[in-house]
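Nothing in this text is a laboratory measurement; each read-out follows from the coordinates by a stated rule. Bear in mind that the values here come from a model prediction, so they are computed numbers and not experimental data. FYI the Cβ positions are ideal-geometry reconstructions off the backbone, even for glycines, and counts take in every protein chain you see.
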Amino acid sequence: MDIVLTALQSGIASLSSYLAAHVLLCLVPAFFIAGALSALVPQQSIVRFLGPAAPKWVAYPAAAGAGSLLAVCSCTVQPLFAGIYSKGAGLGPAITFMFFAPAANILALSYTGVALGADFAIARLVLSLVFGIGIGMIMALIFHRSDTVRLDNAAAFEGGEGISRQTLIFLGALIVLLVGGTLKLDFLTTPLLSVELPWAAAVAIQNALNVLVPIDLIKGDEGLSVQGVILIGMLGLIALTAWRGLGKVDDGFTRLTFVSLGLIAATLIFAALGIVTNDTGLVVTLSGRTLVVAAMLASLWPLSSRFEVWDIQQWLWETWRFVKMIFPLLIVGVFAVGVIRMFIRPEWVQAIAGSNSVLANMAGVVFGVFMYFPTLVEVPIAKMFLSLGMHPGPLIAYLMADPELSLQSILITSAIIGKLKAWTYVGLVAVFSTLAGLTYGAWTDGTSISTVALGFVAFIAVLFGALHYMDKRQHAAPAL
Amino acid sequence: MDIKILGSGCAKCKRLEQLTKEAVDAIGVEATFDHVTDINKIMAYPIVATPALVINEDVKVAGRMPSKEEITAWLKAV
């Protein structure tokens with residue numbers, strides 16, 4: 001009985017620290033950015049660089065851009081992948097697009113940054129960009145001959161407007177909100193003003209919370225503060241008002257729309273305050289972060305009024321749709337991770353993946369390939385492994401392989417490009433994820449950054465050089 | 001009038017179908033609706049991005065959500 005209780009407690013601890021600490025200043029703005037990308041950025045603005053006549057040096061970066069900007073939801077991935085493959089720039093850029101999308105969209109990146117640290121987010125972005133383009137080029141080379149038979153359909157890629165300036169400014173403001181709310185920089189965290197609020201009950205509440213959700217720094221449990229409880233309560237209120245206020249916003253703005261938007265803004269500002277319990281009450285601290293968050297929120301109002309009402313409705317509707325699609329699965333996932341964590345012995349993880357060996361990195365990849373988790377749940381799983389003593393190298397290998405290779409994505413790909421190509425792709429991703437883990441692991445193990453960078457650059461140079469050479473030869477001898 | 005919605009069955013595509021139906025009802029024209037989800041059939045049209053709206057085999061919009069006013073204008077122009 002005890003073990004069930006402890007497991008449940010661990011699940012609740014994991015969930016509450018997630019809701020109170022990680023979600024707010026990171027995921028809330030990230031969801032709004034994802035909504036804006038989906039509603040305000042016309043797909044044609046990037047797709048036009050992916051036509052059949054696009055040169056390689058335009059097509060591959062554009063494919064990566066499409067992956068990170070357009071493909072927040074899997075329902076855009078499938079048609080775009082099929083379109084790029086069968087009508088546009090071909091197999092290589094299509095593969096790059098598909099590889100890059102799950103690792104580099106705004107939700108995955110910002111959540112990785114907050115839960116695991118900015119270095120993991122940057123590693124994930126850079127490694128998947130380089131390897132995404134690499135794998136795309138290798139695939140294009142291997143299947144060079146079958147790739148020439150494509151529908152000539154340049155019209156689908158032509159024209160279309162770019163991203164308007166006001167959309168760029170609006171996205172910029174949202175990104176500053178996200179970055180200002182999450183980065184741990186000195187000028188953001190230095191306290192500017194502290195106020196003590198005498199509230200005797202706060203001490204008792206905090207003590208009760210510490211019993212309910214114990215702080216365990218070794219396990220990475222951050223406990224739950226008074227501020228955290230209030231934030232979770234506010235999230236609940238937002239959910240209640242947003243259900244109709246944002247979910248039905250396409251029929252027009254209602255009072256609930258404004259209530260839920262106001263609540264969201266208030267919650268973000270409240271989350272950006274530093275609140276600690278001392279012996280007599282609460283100490284509320286105002287920092288640069290609070291000011292940045294408040295200023296950016298204030299700027300959104302005049303910025304959004306420059307859009308047409310329809311666009312703003314679309315933005316809010318898309319945002320809420322992403323929340324509804326991803327958030328419930330994430331909550332279940334985070335709770336489950338907390339429960340499961342109780343039953344995994346750190347020694348097991350350390351024995352298998354405690355060091356940066358080839359086998360350990362392969363173990364990370366194999367786990368990623370055979371386990372399927374919904375969007376973003378790979379992040380709390382990775383956090384669990386990290387706290388259990390997994391080496392950062394194998395962890396990156398896992399983070400690269402897991403979202404790339406779900407059963408669903410393998411099925412979609414093989415339906416569009418055929419089984420042989422799909423399984424070649426799976427094999428390449430497995431090899432490259434292992435390599436990515438080894439590189440990152442070597443760096444965190446203290447190999448000097450110049451050595452790692454040199455090795456990395458040399459590898460990329462050799463890879464691209466070889467690909468370019470083979471490509472030339474194949475072009476020179478088409479009769480073969 | 002023959003109206004086709006192209007899309008993999010995602011929320012956006014369902015919204016586009018609903019909006020178009022509302023626009024059709026509002027101006028009272030006769031129309032048949034077809035929601036095309038087969039990726040090969042979708043790719044037969046000159047589009048890359050979904051959702052897309054096709055009226056009498058003519059692609060009106062792809063890759064973004066049109067407003068009801070836009071849809072109404074297209075319906076009236078046929």
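When +1 charges are put on Lys and Arg Cβ atoms and -1 charges on Asp and Glu Cβ atoms, the dipole computed for the protein assembly as shown relative to its Cα centre reaches about 660 debye. What the Cβ-Cβ distance of A:A351 and A:D186 gives, at R0 = 35 Å and to the nearest 0.05, is a FRET efficiency of 0.35. Averaged over the residues of peptide B:32-44, the number of Cβ atoms from other protein chains lying within 10 Å of each residue's Cβ is 2. Note on A:I12 and B:N56: with the Förster distance fixed at 56 Å, the Cβ-Cβ geometry gives a FRET efficiency of about 0.45.
Size of the stretch A:211-287 from its Cα atoms: along the principal axes, largest to smallest, the extents are 49, 27, 19 Å. In this structure the amide hydrogen of B:K60, modeled in the peptide plane, comes within under 5 Å of the amide hydrogens of B:L53, B:V54, B:I55, none closer than 5 places in sequence on its chain. Taking a 31 Å limit on the Cα-Cα distance, which of the listed pairs A:K419/B:K21; A:K184/A:K248; A:K56/B:K41; A:K56/B:K4 fall beyond it? A:K419/B:K21; A:K184/A:K248; A:K56/B:K4, as the Cα separations exceed 31 Å there.
Taking 17 Å as the cut-off, the amide N atoms of the stretch A:302-323 that come nearer than this to a point 7 Å along the Cα-to-beta-carbon line of A:E161 belong to A:304-315. Remark: mean inter-chain Cβ contacts per residue of B:6-16 equal 4, using a 10 Å Cβ-Cβ cutoff to other protein chain atoms. Shape class of chain A from the Cα gyration tensor (axes a ≥ b ≥ c, square roots of the eigenvalues): oblate, since a/c reaches 1.5 or more and a/b does not exceed b/c. Note on the stretch B:2-77: Cα Rg divided by 2.2 N^0.38 Å, N the number of residues, gives 0.99.
Stretching the chain fully between A:L168 and A:T254 yields a gain of 28.3 nm (0.36 nm per residue, less the alpha carbon separation). Estimated from helical segments only, the mean residue ellipticity of chain A at 222 nm is -23500 deg cm²/dmol, where each DSSP H run of four or more residues counts as -39500 (n - 2.57).
With R₀ fixed at 22 Å, the C-beta to C-beta distance from A:I230 to A:V332 puts the FRET efficiency at about 0.40. Under a 5 Å amide H cut-off, with hydrogens placed 1.01 Å from N, B:H35 pairs with B:I5 among residues at least 5 apart or on other chains. Summarising the label geometry, the points placed 7 Å from Cα in the beta-carbon direction at A:D471 and A:V366 lie 3.5 nm from one another.
Near A:I275, the amide H atoms lying under 5 Å from its own belong to A:T285; only residues 5 or more places off or on other chains count, and H is placed 1.01 Å from N. Taking all Cα-Cα distances within the stretch A:1-115, those exceeding 23 Å account for 43%. Taking every DSSP bridge with both residues inside the stretch B:2-77, close to 60 percent are antiparallel. Towards the positive end of the charge dipole of chain A, with charges on Cβ (+1 Lys, Arg; -1 Asp, Glu), say which of A:A108, A:S414, A:I352 has the farthest Cα. Of the candidates, A:S414 comes out farthest on the positive side.
Computed from Cα positions, the angle between helix A:2-17 and the longest principal axis of chain A comes to roughly 80 degrees.
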